[in-house]
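Here is the structure we will look at.
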Amino acid sequence: MVIRQKRNGKATLTMPKLGVNIDHVATLRQARQGIDPEPGYAALICEDAGADSIVAHLREDRRHINDADLNLLRKIINTRLNLEMSCAAEIVGIACKVRPDQATLVPEKRRELTTEGGLDVVANFKKIKNTIAKLQDHGIEVSLFIDPSKRQIDASKKSGARIIELHTGRYADALDREQENSYFKELEDACIYAKSSELVVNAGHGLDYFNTPKIAAIKEIEELNIGYSIICRALIIGLKKAVMEMKRLCV
Ligand code: PXP
């Protein structure tokens, strides 16, 4: 927990919100191309555990979350649905129909294992600006997933987005303490700069049970979006119970 502000002389404790990315549940389902595990069910468990939003990425190649998942999530989620998506016309059309509470625009490459870098808002300004306008016209809040750079923050502000999500991947993948400190400082400076530009600042990618607390202590951050480490941990802490349940059936 972090002391964020003082009200009436008293310290108030606040923490960033947590968005849980459930793509990895769908990845596991796709390994057998069946119906288990069900991402919608996982989303409800995340909400029950306190998640403030559910994040899902409808990729152009549908490698994990598919259209049916998205429609179901839209119906059952009680918090907020944050749809990660590229600017591809087909996906934008789907978002306008499904109307998630928020769309997070991310770069997408077919052969990447996960979103590799931030969106280059400077280089793709016109396309991104037009996509934001279209989504906002459909009542969808738009966030841009960008690297912690002033140029990208300035371009994001100019594009009409009101929210950015800073890519924490370089910090998370730091090879030693010196690199980690340097990438952390880069993120912290970017958070302060973006907040002073009146943008809502979120962050995510590669955050786990070790590297998250330092990021969660940056007071400008409103929400962290985390997926992989949570699903991995769920598997490990849930495995004993799952085996015990099966053992009881083997009588
Ligand atoms: N935020 C964005 C924009 C992402 O693309 C991802 C990965 O899908 C995440 C957050 C979550 O990253 P991780 O799964 O590494 O926690």
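The single condition from (1) closer than 25 Å to residue 131 by Cβ; (2) more than 15 Å from the ligand (Cβ to nearest atom); (3) at pLDDT below 95 that residue 67 fails is (3). For segment 46-94, a residue qualifies if it is charged (D, E, K, R) and under 24 Å from residue 31 (Cβ atoms), and the qualifying residues are 59, 60, 61, 62, 63, 67, 69, 84.
If only residues of segment 135-148 that are more than 16 Å from the ligand (Cβ to nearest atom) and not in a helix (DSSP H, G or I) are counted, the one that is surrounded by the most Cβ atoms within 10 Å (Cβ to Cβ) is 138. Any residue in segment 159-175 that is in a loop (DSSP other than H, G, I, E, B) sitting within a Cβ distance under 6 Å of a residue that is within 11 Å of the ligand (Cβ to nearest atom) and of a type in the set (A, V, I, L, M)? List the pairs, counting only those 6 or more apart or interchain. These pairs meet every condition: 161/144; 168/203; 168/207. Restricting the first member to segment 219-232 and to residues that are without any contact (Cβ under 8 Å) to a residue 40 or more places away in the chain, and the second to residues that are within 8 Å of the ligand (Cβ to nearest atom), the beta-carbon pairs closer than 7 Å and six or more apart or on different chains are 229/207; 229/208. Checking the stated criteria, residue 128 turns out to be of a type outside the set (Phe, Trp, Tyr), surrounded by 23 or more Cβ atoms within 10 Å (Cβ to Cβ) and either more than 26 Å from residue 215 (Cα to Cα) or under 21 Å from the mean Cα position of the chain (by Cα) (or both). In segment 185-222, the residue that is farthest from the ligand (Cβ to nearest atom) out of those that are out of contact with any helix residue (DSSP H, G or I) (no Cβ under 7 Å at 6 or more places or on another chain) and of a type in the set (S, T, N, Q) is 196. Considering segment 92-107, the residues that are within 27 Å of residue 44 (Cβ to Cβ) and within 14 Å of the ligand (Cβ to nearest atom) include one that is surrounded by the fewest Cβ atoms within 10 Å (Cβ to Cβ), namely 102.
The values are calculated or read from the model by the stated rules, or taken from the named source; none is laboratory data. Computed from a prediction, not measured in an experiment: that's the story for all the values here. For neighbour counting, all protein chains shown are included, and Cβ atoms are generated from backbone atoms with ideal geometry for every residue, glycine included.
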